[in-house]
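Novice: Below is the structure I would like to discuss, written out as structure tokens.
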Amino acid sequence: MQQQVYFVTGTDTEAGKTFCTAAMLQAAARAGRRSVGFKPVASGADGSGINGDVAALQAASAVHLPYDLHNIYTFAEATAPHLAAADTGMPIETAALGRGLAAIKQYGDFVLVEGAGGWLTPLCGQTDFADWAAAERLAVILVVGLKLGCINHALLTVQAVRQAGLPLAGWVANCLSAQPHRFADYLAALQARIPAPLLGVMPFLPQADAAEAAAYVDISALLSAPACAPERYAVDGSNGFAR
């Protein structure tokens, strides 16, 4: 069985990346895959240094591993990672992120790597998460937080992913409220404009766990996709990426 590794980004912070990533990890586990979640950089921790998002991915993974394998950097303050890193004197080294990814890939055949914030979240200097994802040749999954303004945010992110030379493997529509702004119209507009499979529409589930949320995603397109992004993609303006 081939190994698949995807980078999960969002239209913004609080778009629901962790919740949707955890749901997809559970869905993969139900499909018989050794799913593992990896959030290399996390901001916001409790008194014991544990980040809630990392803990959620750890719990949702089919393979049970120590916290430190699911994460490389956890910062106490819930802020942009490059600011937290500067404040603590602990610069984020992309080489360390790469080593962490290589380590966790040994344990799973379906690996979801969750970023922090949106696509262009800075890490250090002039390097952002998009640079690292491109260097690792990771196909991308986009979580769209459904709210007023999300169409522009989603399409700008799709454009940036394509410009980075990476395939958009799919996207998830995540309802951030019980009645998102013009839900049907927004969903139709996004489906017409995003050249990738819609992997699921996540309803507003404030009390749900990953196991319940897994029922709302269909990751079959991911399970049958290539193991990683090819070295180069040519952009086809009508339907996204093609060799």
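Novice: Say whether the condition of being aromatic (Phe, Trp, Tyr), assigned to a loop (DSSP other than H, G, I, E, B) and either touching a residue at least 12 places away in the same chain (Cβ under 8 Å) or within 22 Å of LEU205 (Cβ to Cβ) (or both) is met by at least one residue in the stretch 68-80.
Specialist: Taking the stretch 68-80 first, the residues aromatic (Phe, Trp, Tyr) are 73, 75.
Still in the list and also assigned to a loop (DSSP other than H, G, I, E, B): none.
No, the stretch 68-80 has no match at all.
Novice: Pull out all pairs, ordered by first then second residue, where Cβ-Cβ is under 6 Å, the residues are six or more apart or on different chains, the first lies in the stretch 179-204 and is surrounded by 13 or more Cβ atoms within 10 Å (Cβ to Cβ), and the second is among the hydroxyl-bearing types (Ser, Thr, Tyr).
Specialist: These pairs meet every condition: GLY200/TYR216; MET202/TYR216; PHE204/SER177.
Novice: Hey, could you check the stretch 232-243 for residues that are surrounded by fewer than 13 Cβ atoms within 10 Å (Cβ to Cβ) and out of contact with any Gly (no Cβ under 9 Å at 6 or more places or on another chain) and say which is modelled with the lowest pLDDT?
Specialist: Per the stated criteria, the residue is ARG243.
Novice: Out of all the residues in the stretch 160-195, which are charged (D, E, K, R) and part of a helix (DSSP H, G or I)? It would help to see each step written out before you state the result.
Specialist: Our first condition is that a residue be charged (D, E, K, R); within the stretch 160-195, this holds for 162, 182, 185, 193.
Listed by number, the residues that qualify are ARG162, ASP185, ARG193.
Novice: Looking at the stretch 93-144, which of its residues are in contact with a Cys (Cβ under 6 Å, 6 or more places away or on another chain) and surrounded by fewer than 24 Cβ atoms within 10 Å (Cβ to Cβ)? Quick ask: steps written out before the conclusion?
Specialist: Pass one, the stretch 93-144, residues in contact with a Cys (Cβ under 6 Å, 6 or more places away or on another chain): 137, 143-144.
Within the stretch 93-144, just ARG137 meets the criteria.
Novice: Against the definition (among the polar types (S, T, N, Q), surrounded by 16 or more Cβ atoms within 10 Å (Cβ to Cβ) and farther than 26 Å from PRO167 by Cα), how does ASN71 come out, yes or no?
Specialist: Numbers: among the polar types (S, T, N, Q): yes; surrounded by 16 or more Cβ atoms within 10 Å (Cβ to Cβ): yes; farther than 26 Å from PRO167 by Cα: no.
Here the answer is no, as ASN71 does not meet what is asked.
Novice: Here is a further query. Could you grab the pairs with beta carbons closer than 7 Å, sequence gap of 6+ or different chains, first residue in the stretch 119-135 and closer than 22 Å to ASN152 by Cα and acidic (Asp, Glu), second one modelled with pLDDT of 95 or more and not in a loop (DSSP other than H, G, I, E, B)?
Specialist: Cβ pairs passing all conditions: ASP128/PRO122.
Novice: Among the residues that make up the stretch 141-149, is at least one of them assigned to a loop (DSSP other than H, G, I, E, B) and touching a residue at least 12 places away in the same chain (Cβ under 8 Å)?
Specialist: Of the residues in the stretch 141-149, the ones assigned to a loop (DSSP other than H, G, I, E, B) are 147-149.
If we keep only those that are touching a residue at least 12 places away in the same chain (Cβ under 8 Å) too, we end up with 147-148.
Yes, the stretch 141-149 has at least one match.
Novice: Here's a follow-up. Regarding the stretch 86-101, can at least one residue be identified that is over 22 Å from ILE219 (Cβ atoms) and assigned to a strand (DSSP E or B)? Before the answer, list the steps.
Specialist: Keep residues of the stretch 86-101 that are over 22 Å from ILE219 (Cβ atoms), which gives 86-100.
Those still in the list that are assigned to a strand (DSSP E or B) too: none.
No: the stretch 86-101 contains no residue that is over 22 Å from ILE219 (Cβ atoms) and assigned to a strand (DSSP E or B).
Novice: What is the number of the single condition among (1) in contact with a Leu (Cβ under 8 Å, 6 or more places away or on another chain); (2) at pLDDT 95 or above that ASP185 does not meet?
Specialist: Here ASP185 clears every test but (1).
Novice: Moving to a separate point now. When VAL63 is evaluated against the numbered criteria (1) part of a loop (DSSP other than H, G, I, E, B); (2) under 16 Å from ALA208 (Cα atoms), which criterion, by number, is the only one it fails?
Specialist: (2)
The values are calculated or read from the model by the stated rules, or taken from the named source; none is laboratory data. Since this is a predicted model, take the numbers as computed values, not measurements. Positions of Cβ are backbone-derived with ideal geometry, glycine not excepted, and every protein chain shown enters the neighbour counts.
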